[in-house]
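Data first, discussion second: the structure below is written as structure tokens.
The values are calculated or read from the model by the stated rules, or taken from the named source; none is laboratory data. Small disclaimer: the values here were computed from a predicted structure and weren't measured. In this analysis, Cβ positions are derived from the backbone assuming ideal geometry, glycine residues included, and neighbour counts consider all displayed protein chains. Side chains included, ligands, DNA and RNA excluded: accessible areas come from the protein's heavy atoms. Shrake-Rupley method; radii C 1.70, N 1.55, O 1.52, S 1.80 Å.
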Amino acid sequence: MLPQRPTPPSAAPDSEALRQTALRASWQRDHRVGRRRRWWRWTVWAFWRYGLPLLLVAGTVAAFVIIALAHTLES
């Protein structure tokens, strides 16, 4: 078998194809960034809405339990 001849480099893409490719890449990047920002926005909102109050309640309960245990151990 004869070795295949290397193919010549293809011609540079025309400006319209290059523009379309750049627009598509930009659109995909915009959507990725938008999804990531929405995710962070919802995460921060959920923390302030649910996480912080739960942490405060859990901390208060833990403090009361620790105080109660300390008083029972002193007696």
Given charges at Cβ of Lys, Arg, Asp, Glu: the chain dipole, positive-most of Ala68, Leu18, Val44: Leu18
Where a ≥ b ≥ c are root eigenvalues of the Cα gyration tensor, a/c under 1.5 meaning rounded, otherwise prolate if a/b exceeds b/c and oblate otherwise, the chain counts as oblate
Tell me what the chain gives for mean residue ellipticity at 222 nm when only DSSP H runs of n ≥ 4 count, each as -39,500 (n - 2.57), the sum divided by the residue total, rounded to 500 deg cm²/dmol. -26500 deg cm²/dmol
For the chain, report the accessible area per residue in Å² (1.4 Å probe, heavy atoms, rounded to an integer). 100
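Given a 1.4 angstrom probe, I'd like the percentage of the accessible area of the chain that is carbon and sulfur, rounded to a whole number.
Of all accessible area on the chain, carbon and sulfur atoms account for 68 percent.
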